[in-house]
Every structure is written in structure tokens, then in C-alpha cells.
Amino acid sequence: QIELVESGGGSVQAGGSLTLSCAASAFRYALGWFRQAPGKEREFVAIITSSGVSTRYADSVKGRFTISRDNAKNTVYLQMNRLKPEDTAIYYCVVDLTDRGLESSPNEYDYWGQGSQVTVSS
């Protein structure tokens, strides 16, 4: 059983920064982040392969968010800069067993973190 434990959520003003972390029980897989705002579908945010060489971002966060990982700690991070009110959502850590990081549909993933609330005020 693969488990993902998230931390680092909170509230910030527009233009501020937050960093989320997710500790995984297994780490030789791609790890990523999805988010879900109230009344909206869960959407892809970012993903990184096990080697850390390949990353992919949603257009809405590219240039503002950075995904990284520390394999020695079995942990993936999401650094969020220049936050906007539309970034407000529950953020979920996810594992990709294919280690390709190519699938953007939440229906293709089986293991999820518990969710972290991020609130950005204007």
C-alpha cells in the first residue's frame, strides 16, 4: 500500500508564496500535484519523474510554480510563487506508477494524499 502525507497548506495574500510538501512511502515513481477549487473539476498542476530530470506544468501555473523532489527523504515539494486568488483550491499529492508523468486526467491515478487547503486573498 502506497501512502502520501501532505503538509504546508495555509492562507496568503495575492502575490505571496507557499510551499507544499508530500512524504511518500515509496519514491521510485513520478510524483505530482492536482488541485480542486469549490464547484470545479479536479485539475492537473505539475508532475516530476523519479529521476527529477523531467517536469511538466499546467499552463495556468507555468512560470510561477516549481515542483522538486528529495529522494533521500522520499518527499516531493510544490513551491508556489506570485499566488493569485484563482489558485485557491485543495491541493492533492499523487503518485504515477508509470514514472512517465504524461497523464493529466485524475481518473488515471490510484494513490492520493489527504489534500491541503490553499487560500489566496485579494
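Some observations on this one:
- The residues in segment 47-101 that are of a type in the set (D, E, K, R) and closer than 26 Å to G15 by Cα can be counted, and the count is 9.
- Within segment 1-109, strands (runs of 3 or more DSSP E) holding 1 or more residues that are under 25 Å from T119 (Cβ atoms), open to solvent by less than 70 Å² (accessible area, probe 1.4 Å) and of a type outside the set (F, W, Y): 4-7, 10-13, 18-24, 30-36, 43-48, 65-70, 75-80, 89-96
- Scope segment 76-104; condition of a type outside the set (D, E, K, R) and more than 14 Å from the chain's Cα centre (by Cα); matching residues: L83, P85, L97, T98, L102
- Filter pass, F65 being closer than 22 Å to A23 by Cα, aromatic (F, W, Y), modelled with pLDDT of 95 or more and touching a Pro at 6+ places or on another chain (Cβ under 9 Å): no
- Looking only at segment 111-122, residues that are under 11 Å from L4 (Cβ atoms) and surrounded by fewer than 14 Cβ atoms within 10 Å (Cβ to Cβ) come to 1 in all.
The values are calculated or read from the model by the stated rules, or taken from the named source; none is laboratory data. These figures come from a predicted structure and were not determined experimentally. Because the Cβ atoms are built from the backbone with ideal geometry, glycine has one as well, and the counts that use them run over all protein chains shown. Ligands, DNA and RNA are stripped out before the accessible areas are found, and what is left, the full protein with its side chains, is counted by its heavy atoms. Shrake-Rupley method; radii C 1.70, N 1.55, O 1.52, S 1.80 Å.
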